[in-house]
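Beneath this line is the structure, given in structure tokens, with notes to follow.
The values are calculated or read from the model by the stated rules, or taken from the named source; none is laboratory data. Everything numeric in this text was worked out from a predicted model, so none of it was measured. Quick reminder, even Gly has a Cβ in these numbers, built from the backbone with ideal geometry, and neighbours come from all protein chains shown. Calculation scope for accessible area: heavy atoms of the full protein, side chains included, ligands and nucleic acids excluded. Shrake-Rupley method; radii C 1.70, N 1.55, O 1.52, S 1.80 Å.
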Amino acid sequence: MVFQNPVIRGYNPDPSVCRADGKYFLVGSSFQFFPGVPLFESADLVNWNQIGYCLTRESQMPMDGVGSSGGIYAPTIRYNEDRFYMVTTNVGHKKAGGNFYVWTDDIYGEWSEPIHVDQGGIDPSLYFEDGRAYFTSNGVDDENGKNAVLQCEIDIATGKKITGSKVLWHGTGGRYLEAPHLYKIKNFYYLMAAEGGTEYGHMVTYARSENKWGPFTSYPGNPVLTNRNLGGYELQGIGHADLIEDYNGAWWIFALGFRQIDKWMTYHHLGRETCLMPVTFNSDGWFTAGSGTASIDVETDRIPGTVKQNLQRTYTFETAPWKRDWQFLRSYSRENYVLGENILKIKSAKDTLDTAGNPAFIGLHQKEFNMELSLVVKTVDGEAGISMYMDENHHYDLALAKKDDGYRVLLKLNIGDIKHEKASVHVTGDEAVFKIYSDPINYRFILMQNGKENVLGTAQTRYLSSEVAGGFTGVLLGLYSQYGSGGFNEFTELKVVYP
């Protein structure tokens, strides 16, 4: 068959995968968005269905005071003795920050309260062997100040350290050594990591040893997977990977990557996404990943030709369940939302989209460059609309606002310190029909009037990109309400189509 990367599209970075009961399960980073750590299921490694989140309670992921692109970083999911574990880091929270894990015996149910581990760094991982549990993360070698992968043995019931943290590997010399995972495959322990930073120089590297504590010898062909030299290729930033053996004995690597908007324009705004490539072990025990680079189109005989890749192309209130596809900013204040079958009502919160707080906001990840979106907004109090949201300083908003002179449709562009109202159109009623078209380069914002499209303006996608805004997330299509005094604004007939 031929499948297409990314296999999970739109802002779903730092993939980690395990297998259990004939299925595969995958998690990714969620940062400042709630619920945290999206959880996916697959029967064939190519088609992934989101079944929920690992962190669904504020007690598991407190977000107060956490900045944009802070919060829940790079998770790892593992399955051991009939129990699932997910280990991650809460970055930026003053009291609950640091590395922790949760567990569940029912992958479709709730996860435990956090169990913290007293080892620093980020990108934690778990390895199980002979009834023992080992915890790895990135960090610093105190003897020489170099970046390193650290490991300790822990009591999996309590998170308490049984051993001190030992340096396993310093990587190959690339910057930002991160994303360590330890595996035992036949006669060797393999330690895989990412280097180069999660941008255009990103790469996957690894080493191996006959002992889980090292010493580790670097793979002579490192990096084993990178697109850093594929200038102009759409798929870039390949790195931060995890290995999985399928049920037929073949090995695969999941890695993050992103799609740049044009061959000559090095910007990406959909976020870092999840990609898949085949892995092959040589007779000497070293492994390679594809041809060493990640491709958009991957042809393989490891998956039956009867398997077809199915990418969801349409999202509505009916096809995008609230508990699966939607996320809030930092917290969920139940009193601000009425989540109906075909309608959403939002009451304004104290915070607005321009603050790094808890605005009244609920969003879907933008999945593709080319998009057609339509929505009906009814405003009875303050301002309600839809935002192409990257962070509090980078978002484009199309809204219906109740003003002293009546109702106005507003197009507001927020780029760093520049706050620009590009359009303000007086309308006669409290309801408006919006359309938004996007391609790789531009968004086009439209107000429907008398059955005709009134183009209010365009805005370039690159100003919502990570290269401009910074950070580690991607654009969300966010429905929001602000500046109100207690009334609920309504959203109906949402339809997002990726042609």
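Table for the structure above
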item: Average Cα contact separation per residue, segment 24-114, under 8 Å, 6 or more apart, as relative contact order %; result: 23 percent
item: Extension gain from residue 284 to residue 453, taking 0.36 nm per residue of separation minus the Cα-Cα distance; result: 54.5 nm
item: Burial order of peptide ranges 59-70, 338-349, 31-42 (average beta-carbon count within 10 Å, highest first); result: 31-42, 59-70, 338-349
item: Cβ-derived FRET efficiency at R0 56 Å, residue 405 paired with residue 291, nearest 0.05; result: 0.35
item: Probe 1.4 Å - accessible area at residue 420, Å² to nearest ten; result: 90 Å²
item: Separation between Cα centres of segment 329-398 and segment 102-144, rounded to whole Å; result: 34 Å
item: Compactness index (Cα Rg / 2.2 N^0.38 Å), segment 128-269; result: 1.15
item: Overall Cα dimensions of segment 1-125, principal axis frame, Å, largest first; result: 48, 32, 23
item: Additional length obtainable on full extension of the chain from residue 175 to residue 372, 0.36 nm per residue less Cα span; result: 67.0 nm
item: Gained length - residue 316 relative to residue 106, 0.36 nm times residue gap less alpha-carbon distance; result: 72.7 nm
item: In nm, spacing of pseudo-spin labels at residue 246 and residue 21 (7 Å Cα→C-beta vector); result: 2.2 nm
item: Span per principal axis, largest first, for the Cα atoms of segment 234-319 (Å); result: 47, 35, 20
item: Spatially proximal aspartates and glutamates relative to residue 419 (Cα-Cα < 20 Å; intrachain offsets below 8 disregarded); result: 351, 354, 383, 391, 392, 397, 467
item: Kirkwood hydrodynamic radius of segment 275-402, from inverse mean 1/r over distinct Cα pairs, in Å; result: 18.6 Å
item: Among 470-480, 88-98, the order from most to least packed when residues are scored by Cβ within 10 Å on average; result: 470-480, 88-98
item: Förster radius 30 Å - calculated FRET efficiency between residue 95 and residue 417, Cβ distance, rounded to 0.05; result: 0.45
item: 21 Å Cα-Cα threshold exceeded, pairs from 378/495; 378/452; 350/435; 323/345; 95/160; result: 350/435
item: For P(r) over Cα pairs in 20 Å bins from 0, in percent, calculated from these coordinates, the label among (1) 24, 55, 20, 2; (2) 20, 50, 27, 3, 0; (3) 25, 59, 16, 0; result: (1)
item: Cα gyration tensor shape of segment 83-161, rounded if a/c is under 1.5, else prolate or oblate by comparing a/b with b/c; result: oblate
item: Per residue value of the accessible surface for the chain (all protein chains in place, 1.4 Å probe), Å²; result: 39 Å²
